[in-house]
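Below is one structure; the comments refer to it alone.
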């Protein structure tokens, strides 16, 4: 028995929503900068996942793969820049807590 496309779509869409909610929750429920960065990564992986599923369901896998490569490159640049900022804040404050960054001046 073959699984029909609409049932498969709802399964993938449910997984996408769960991943997105998990990433948003990880970003909003903590004050740790490293956990916020991990939440951003999970959120971006959910976007990558839905792009691949949309390309598969529409029959345009080449376009979806090109978009996913673009998203991955942008994601890597954002993560490297954010990790550099987090490392600098950790060297200055000896903490990854967001609340301690309010004391910075400059």
Which ones in segment 88-99 are part of a helix (DSSP H, G or I) and either closer than 14 Å to residue 36 by Cβ or at pLDDT 95 or above (or both)?
89, 90, 98, 99
Kindly provide the set of residues from segment 29-48 that are touching a strand residue (DSSP E or B) at 6+ places or on another chain (Cβ under 9 Å) and surrounded by 18 or more Cβ atoms within 10 Å (Cβ to Cβ), ordered by number.
33
Take residue 13 and tell me if it is more than 14 Å from the chain's Cα centre (by Cα), assigned to a helix (DSSP H, G or I), at pLDDT below 95 and farther than 30 Å from residue 101 by Cβ.
yes
Only one residue in 67, 27, 44 is part of a helix (DSSP H, G or I), farther than 30 Å from residue 89 by Cα and free of Cβ contacts under 8 Å to residues at least 40 places away in the same chain. Which one?
67
Residue in segment 49-61 that is nearest to the chain's Cα centre (by Cα), counting only those that are surrounded by 17 or more Cβ atoms within 10 Å (Cβ to Cβ) and touching a residue at least 24 places away in the same chain (Cβ under 8 Å):
50
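The values are calculated or read from the model by the stated rules, or taken from the named source; none is laboratory data. The model shown is predicted, which means the values in this text are computed figures rather than measured ones. With ideal geometry, Cβ positions are generated from the backbone for all residues, glycine too; neighbour counts draw on all protein chains shown.
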